[in-house]
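Here is the structure we will look at.
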Amino acid sequence: MPSVPRAPALTQTRWLALLAAFALLLPALPTWPAAPAAAEVTDEQLAEGGVLRDSQDYRVAPGLDLTTFSRLEEGGWKEGSVLTADLTESTLSVDVTDDGTVTGRSPLTDVMHTGERGDRAVAAVNGTFFDINHSDAPLRTSMSSAGVRMGTSEAMPALTLADGKAAIQALSASGELTTADGAVHELEGINNPSLPEDGIGVYTPAWGDYTLDRPVGAPEAMSEEIALATVVDGTVTEVTEVQGSAGDPAIPEDGQVLLGREDGADMVADLEVGDEVDIEIGPDQDVDLGIAGSHQILEGGEVPDMGEDSLVTTSHPRTAVGVSRDGSELFVLVLDGRSTASTGMTLPELGQILENMGAHNAVNLDGGGSSALAARTAGSESEAIWNSPSDGVVREVPNALVFYSDAPAEELADVQTSLALEGEDAVFPGLQRSLEATGLAADLSPVMADGAFTAEGAVELEQSDQAGAAVRGTGPGGGAVTYTAAGHEARQELRVLGEPVGLQASERSLNLPDAETSRTVALTGYDADGRRARIETADVEATVSDGFEVTDDGLGSWSVRATGEAATGTLTLRAAGLSTTVPLTHGTEEQQVLDFSDLSAFSDDAARATGSFEAAEGPAGEDGEPTPGVRMTYDFTTSSATRGYYLVADEPVTVDGSTQALTMDVLSDGSGAWPRLQVRDGEGTVTNLDGENLDGEGWQSVRFTVPEGLPQPLTVERLRIMETRPEAQYTGDITVANLRATTTPQAELPEEPGIHDAALLANGDVSDRAQRIAVMSDAQFVAASPDSDAVEGARRTLREIREASPDLLVINGDLVDEASPEDFALAQRILEEEWTSDIPYVYVPGNHEVMGGDIANFEEAFGPTSTAQDLGATKVITMNSAPGTLAGDGLGQLEMLEEQLGAVAESDALTGAVVFFHHPTDDPLPSESSQLSDQREARAIEEQLAEFRRTTGKSVALVNAHAGVFHGAAVEGVTTLVNGNSGKSPAGTPATGGFTGWTMLGIDPASGVVGRNPATQDRVDWLAAETRPWVDSLVVGGRDQLAVGEVGEVSATLTQDGREVPVAWPVTAQWGGTGVHIATGGAGDEQPDRRDVVRVDPRTGEMTGLRRGAATVTVTVNGETARMTVKVAGEGR
C-alpha cells in the first residue's frame, strides 16, 4: 500500500485472519451524536476466497468510514480501499462532480474540491468511463444534483440517489425536440461525445471548449453531413447549412446548440432563425443524481452472467459501487491491479467481494489507470490518495463521486491519539515512544485542543505538551497512554518488549554516488524473542567517520551524505548499550569481469543436458565494433528434471571492491531459460545470483543483483543456464557478452556478534521432554544412483533417528532429487529397510519433489501434500511449499492452516502447534536464495503465527529446511528453526550452520500455555531443539593444566565427511564430566559444588580453575563422546 498522511487506524486483530473484521462502526462522539453504524463486514465474509487477510479502518466523517485491506486469492494478492457510507446520516451527502466542464479533466483531488461545496468534501472516487485521448467527456450518463451533465439515450446500469435512497438501475438521459410545426424528433442525449448516425444532440455551455467535431466522428470517421442550430430561450437564433465540420463550440451562456449528423443534420438545417422550438431532455428515472457504468455486477445479491467480454473476464484495477438491500448504505470500492502487489479482479470477482461486504446490488465504474480513492481521514489536514494507481500516478478524470460532510467544523467534539512513528506500538524498557494528540471537530477535521496526557501500566510519562508526549517503557508488559481534553478522551495501547539484545539498521550498507545524494537510515531493535520495535533518534547516538555527515529528523531516521573527502567510512548507531555499524562508500565504478575474447580460458559443464560453446560477436561497443561474445547451444530435451548448461571460467575472477550488481548482454532465443551466475563469496561459500528469465528474443541486458550482506569480495566461477520447468523441452541457442560488475570501494565492517536463539540448544538435550519429533531433509538422491553418497547419507540419518526413538519423524522435503516415480520408489524402499513401523513419519514435499515430475508422483507414493494431526496435546501441521510458495497450488492449505490454528485456539486439550514446510520464510544465509519466493506471503505467515501466540496465549513454532544450514531464531515470539542437509553437502560454512545431520525437537505440552506476556524461558520450556550432526570423530582440547582462578580455553571439534565443524552453536552438545561445573549463563545457573575442580562455560569456550585436583571434561555430540583431563594446581581444596 502507498504511504499516506499519518492518521490513527481503528485496528483490531484476530489471530485467525491477521486482521480485524472490517469494523466500520463509528465510535460515539461525546458532544456530537454518532451517526448510525455503517455496514459491518465480518472477517468470515472476507474469508470467502481469500487468506492472509489484513485490514485497517479509519474514520472519515460521521456516517463515512474508510477501510483498506489486502488478502491473498487464487489469482494473487489483492489490495483495495472501500468507503462505507451511511446515507441516513443527515450531515453526509454525495454528488457527482466535475471540474466545471464536461470535457475537462483534472486530478481527482481537484475535482473533489470543485464547486461551492468543495471545502466540505471529505472523500471521492473516480467516476465513469470517458472519451480518453479525445474530448475526455464521460461516455455514460452522469447527473449531478444540479442536473444532467452528460446523457445518452443508451440506458446503462447506474448508481442513482433519490430522496436519500440509493439504487442500482438502468439510467439514460435523452429527450425530444418539438419544432414549430409540431413535429417531434428524438434527441440522442446531452453533451454526448459520440452521436449515433442520423442523430441529434443537445450541447450546453457545460460542454466546454473542445471541438464539436468529436461528437460527429472526428478524428477517425467524421460525418460529411453536419448542421448546427443555436437556441436561446426556446428561439432559434442561428442555423448553419449542412456542412463538413462542426468546429469549435460557440454556445451562449444562456443557450443550447443542436448538433445533427446525416438525417439529423438535414432536420437541423431546415430550422430557421426565429423558429420557436421546445427542447425537453432529462433522465429517464426520477432521481436526484446518478452515474452510469458498464455492467451491473451484482443483482439482488447474486453475481449475474455478464458474458465473456475481456472487460468482464480479465483482471484489472476496478472502481465499483455497491448498495445495501434497503438502499441506505453505499460500498464504494477501489481495487488495485496490474502489479504483483495487487493483480486486480474480474467483474464477477468484483461483484462477489461486494456481496461479501454486504452489498445487494452493484455497478462497475471506470477502472484501469483511472481507479483512485481520495479521503481526508479523521484528524488529517487534507486528503490523501489511498490506493496505488496502476499508472504510477493519479490519472486526471472528468468526474467523480464525491462525499461531503456538513457536520460542524469549528468546535471540539472528540480527540484522538496517534503514534508519531506510524504503526510502532511497541517500545523497549528504558527507551521512548512518541505520541501525538489531535482535537477533532464534529466533521472529524482537526481543531485545537487543550489537553493532557497520562500513562499507566508498563510505561511512564517522560514529557508532554498539548500536542504530543513521549513515554518510556518500564518493563515487559502492557501499557497505555490516555489523552484527555474538555471531557473527551482517547487511549493508545502500547506493548513493552523485553530488553533489546540486538540492533538492525534499515540498510546493511549505504553507497553515496556523489556529494549531492543523501540516503536515509532507520534503526530497529529486537529482544530475545525476536520482537522488534523502531528506536527513536532521542535514544540513539549516531556517529560517522570522516568524509561523511549525518543528521537526524528528530523522530526516527537519519540522513547520511558524503563530503567527497573519503571513499569509505562507517555510520555507527548506539542505543541501550548496543551498537550496529553500517558501512559507507562514496562513488561507483564499472569493471569488466570475464574476457570473452579468449575462449581458451573457458570450459563447459552440464547437468542432465548437453551443449557446446563457440566464439561469437556481441553488440557494438563504444567504438562501433562488435564486442567479443560466446555462443552457447544446449539440449534441454534429455530430462524433465532440472537441467543446466554451464560456461566455466577455468580461472575464476575475483571482482575488486564490493559488488552491487553484475550485468551481461544476452542474445536471447526467448525460450524462458533461467540465467544464473555462480559466485564464491568472501567467506568461501558458493552461491548463485539470479537473473530474469530469457522470455523475449533479441539482445537484452540481464542484471544479477547482489543481496545486501553477502560477504565480499565476490569471485565469479561460472555462468549457468538453467531450466526447472518439467514441461519445457527445447534446444537453446544464446550468445553472451560484456559481463560487467558495478562496484563500490570495499569498506571494512566490524564483526558484530550473532544472536543465538535459546530454543536451539548449544548445550543440553531434550531427552526428558514428553514429546520428541525428529526432523530430516535434503538428502536429494536419485533412483539412477541407488548406492550414491546421498542414498547412504539418507540411510545413515534414518538409522540414527530410529535409534533415538522419537514419537514422530518429519521428512521436511527434498528427500529425492528428480521427483520421478522411480525416485519415490527408491525412497519407499529405503524407508522400508531403514525405518520401523513403530514410529510414524510424515513426508513433506520440497521443491525437488516436483523438480522433474508432477506432484502426483509424490501423492501416489506418499499421500497428501499437507496434513494435520494431534500428537498428544500438540497439533502438528505440515504444508507443501514445493512450488516455492504456499499458495502455488491454491489456497486450500492456507485455509487449512487457519482452521487448524483455530482448532488449537478453541481446544481445552491442545496447548500448542508446530508448523512444518520446506522453504524458510527468511533464508538465514546472506544470499537469501532459499526462502519462500513470495516474501509478502512469508511475512504474512510470520505475522499469522505471531498473532496466534499473542492473542491465544498458546505456543507455536515453525520448522523449515532447504537452506542447507542449521539455524534457529525467534520471530515475534515464535521459535523458527531451519533443519540443514541430511545427506547432501551443506550450503554454508560450519560457522553459519553448514554441516550435515538432523534435528530433534523436544516439546513439553504442559508448558504450552504461556499467557499473553511470556518470558524467553517460557518459549524454550515448551519447545527446544538439539541438532544432531553426523560425527565421524570428535575431539576436545584446551589447557590441560590451570592454576586456581586461572582462565583457559576449552573447545571441541567434530569431523564429518572430511570437514571439521567446531562444537559451538548451532551444534548441540552435552558438556559435563567429573569435577566439572557447567555454566549455563541463565537465571537458573547453579553455584559450583565444592568438589568441582573446574568451571566450563560452553558459550564462551572458557574454563576456570576452581580448586586443586584433577577433572575429566567430557563433551558429547549425537551420542559420540570425547574426554580430556585437566589438572588444577595452587591454593584451595
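No lab work stands behind these numbers, since they all come straight from the coordinates. Given the structure is predicted, the values throughout are model-derived calculations rather than measurements. Positions of Cβ are backbone-derived with ideal geometry, glycine not excepted, and every protein chain shown enters the neighbour counts.
Assign one of three labels to the stretch 173-283, namely rounded, prolate or oblate, based on the Cα gyration tensor with a ≥ b ≥ c the square roots of its eigenvalues; rounded applies when a/c is under 1.5, prolate when it is not and a/b is larger than b/c, and oblate otherwise. Display every interim value, and only then the final one.
Details: a/c = 1.39, a/b = 1.30, b/c = 1.07.
Since a/c stays below 1.5, the shape of the stretch 173-283 is classed as rounded.
Subtract the Cα-Cα distance of residue 767 and residue 382 from 0.36 nm times their separation in residues, and report this length gain in nm to one decimal.
Between residue 767 and residue 382, full extension yields 132.4 nm more.
Relative to the longest principal axis of the Cα atoms of the chain, helix 347-357 runs at roughly 80 degrees.
For the stretch 952-1093, pairs of C-alpha atoms spaced more than 19 angstrom apart make up 62 percent of the total.
What's the local net charge at residue 642, with K and R +1, D and E -1, over the other residues with C-beta under 10 Å away?
Values: positive: 608, 643, 725; negative: 723, 817, 818.
Value of the local net charge: 0.
Annotation for the stretch 287-381: trypsin sites (Lys or Arg not before Pro) lying in DSSP loop with at most 12 further Cβ atoms inside 10 Å of their Cβ are 325.
So, in nm, how far is label residue 683 from label residue 233 when the simple model puts each one 7 Å beyond its Cα toward the Cβ? Distance between the two pseudo-spin positions: 9.0 nm. Relative to the longest principal axis of the Cα atoms of the chain, the long axis of helix 935-952 lies at roughly 80 degrees.
Averaging 1/r over every pair of different alpha carbons in the stretch 1025-1133 and inverting the result gives a Kirkwood radius of 14.1 Å. Computed over every Cα-Cα pair of the stretch 389-537 and binned at 10 Å starting from 0, the pair-distance distribution P(r) comes out as 11, 28, 23, 23, 14, 1 percent. For the stretch 697-816, taking Cα atoms only, Rg and Dmax work out to 22.6, 64 Å respectively. Scaling the Cα radius of gyration of the stretch 771-1029 by the globular reference 2.2 N^0.38 Å produces a ratio of 0.94.
Starting from the coordinates of the alpha-carbon atoms of the stretch 226-368, obtain the Kirkwood hydrodynamic radius over all distinct pairs and give the value in Å to one decimal. Evaluated on the stretch 226-368, it is 18.6 Å. Computed on the Cα trace of the stretch 1018-1061, the radius of gyration divided by the Kirkwood hydrodynamic radius gives Rg/Rh = 1.18. Ordering 714, 642, 661 by the projection of their Cα atoms onto the charge dipole of the stretch 589-744, which places +1 on the Cβ of Lys and Arg and -1 on the Cβ of Asp and Glu, puts 642 at the extreme positive end.
Of interest is the spacing of the C-alpha centroids, which for the stretch 840-919 and the stretch 468-483 amounts to 40 Å.
Using a Förster distance of 51 angstrom, determine the FRET efficiency expected from the C-beta separation of residue 1110 and residue 493, and round it to 0.05. List each step's numbers first, then the result.
On the way: r = 59 Å, r/R0 = 1.16.
E between residue 1110 and residue 493, to the nearest 0.05, is 0.30.
Taking 17 Å as the cut-off, the amide N atoms of the stretch 477-492 that come nearer than this to a point 7 Å along the Cα-to-beta-carbon line of residue 454 belong to 479-492.
By a straight-distance test (C-alpha under 26 Å), which lysines pair with residue 875 as possible cross-link partners, with residues fewer than eight away in the same chain excluded? Cα-Cα hits under 26 Å: 954.
Give me the extension gain from residue 276 to residue 484: residue separation times 0.36 nm, minus the current Cα-Cα distance, reported in nm with one decimal. Intermediate results must be reported in sequence, preceding the final value.
Working: separation 208, 0.36 × 208 = 74.88 nm, distance 6.91 nm.
Once the chain is fully extended between residue 276 and residue 484, it gains 68.0 nm.
Hey, fewest Cβ within 10 Å first, where do 586, 756, 295 land in order? Mind dumping the intermediate values first?
On the way: 586 25, 756 16, 295 21.
In order of increasing Cβ crowding within 10 Å: 756, 295, 586.
Paramagnetic label reach from residue 622 (point 7 Å along Cα→Cβ; backbone nitrogen cut-off under 14 Å): within the stretch 581-606, residues 589-592.
According to the square roots a ≥ b ≥ c of the eigenvalues of the Cα gyration tensor, what is the shape class of the stretch 907-990, taking rounded for a/c under 1.5, prolate for a/b larger than b/c otherwise, and oblate for the remainder? Mind dumping the intermediate values first?
Numbers: a/c = 2.61, a/b = 1.80, b/c = 1.45.
Note, shape of the stretch 907-990 comes out prolate.
Note down the magnitude of the dipole of the chain about its Cα centre, charges +1 on Lys and Arg C-beta and -1 on Asp and Glu C-beta and zero elsewhere, to the nearest 20 debye.
Details: 68 positive and 184 negative charges, 1381 e Å.
So the dipole magnitude of the chain works out to roughly 6640 debye.
Is the stretch 356-396 best put as rounded, prolate or oblate by its Cα gyration tensor, with a ≥ b ≥ c the root eigenvalues, rounded for a/c under 1.5, and otherwise prolate when a/b is larger than b/c, oblate when not? Let's see the in-between values first.
On the way: a/c = 2.83, a/b = 1.19, b/c = 2.39.
In terms of gyration-tensor shape, oblate.
Start at zero, step by 10 Å, and the Cα-Cα distances of the chain spread as 2, 9, 14, 18, 19, 16, 11, 7, 3, 1, 1, 0, 0, 0 percent across the bins. Annotation for residue 133 and residue 638: the two label points, set 7 Å from Cα along the Cα-Cβ direction, are 5.0 nm apart. Summing Cβ point charges (Lys, Arg +1; Asp, Glu -1) relative to the Cα centre of the stretch 1033-1129 gives a dipole of roughly 320 debye. Taking a straight Cα-Cα cut-off under 19 Å and skipping sequence neighbours fewer than 8 places away in the same chain, no lysines fall within cross-link reach of residue 78.
Just to verify a number: FRET efficiency for residue 755 and residue 828, C-beta to C-beta distance, R0 = 41 Å, to 0.05? Walk me through the numbers before you get to the answer.
Numbers: r = 40 Å, r/R0 = 0.99.
Taking R0 as 41 Å, the efficiency between residue 755 and residue 828 is 0.50.
The C-alpha atoms of the chain define a longest principal axis, and helix 789-804 lies at about 80 degrees to it. Simple spin-label estimate for residue 559 and residue 614 gives 5.9 nm between the two label positions (7 Å along the Cα-to-Cβ direction from each Cα). Once every Cα of the stretch 546-631 carries one equal point scatterer and solvent is ignored, give the base-10 log of I(q)/I(0) from the Debye formula at q = 0.23, 0.26 Å⁻¹, two decimals. The calculated log intensity ratios at q = 0.23, 0.26 Å⁻¹ are -1.20, -1.30. Can you tell which of 915, 437, 616 lies farthest toward the positive end of the dipole of the chain, using +1 and -1 charges on the Cβ of basic and acidic side chains (Lys, Arg; Asp, Glu)? Comparing the listed Cα positions along the dipole, 915 ranks first.
A full extension of the chain between residue 1123 and residue 181 corresponds to an added length of 327.1 nm, given 0.36 nm per residue minus the alpha carbon distance.
Once the Cβ-Cβ distance of residue 836 and residue 903 is raised to the sixth power relative to R0 = 30 Å, the FRET efficiency obtained is 0.50.
Using only the Cα atoms of the stretch 965-1043, construct the convex hull and provide its projected area averaged over every direction, in square nanometres to one decimal. Numbers along the way, then the final one.
Values: hull surface 34.1 nm².
Answer in nm², one decimal: 8.5.
Considering all alpha-carbon pairs of the stretch 589-744, what whole percent are spaced by more than 23 angstrom? Can you show the working numbers first?
Values: 4108 of 12090 pairs.
Looking at the stretch 589-744, the distances longer than 23 Å represent 34 percent of pairs.
For the stretch 500-586, how big is the tail of P(r) above 21 Å, as a whole percent of Cα pairs? More than 21 Å apart: 26 percent of the Cα pairs in the stretch 500-586. Of the peptides 636-646, 107-117, 448-458, 1037-1047, the order by per-residue mean of other Cβ atoms within 10 Å, starting with the highest, comes out as 636-646, 107-117, 448-458, 1037-1047. Between the stretch 269-318 and the stretch 510-572, the alpha-carbon centres lie 56 Å apart.
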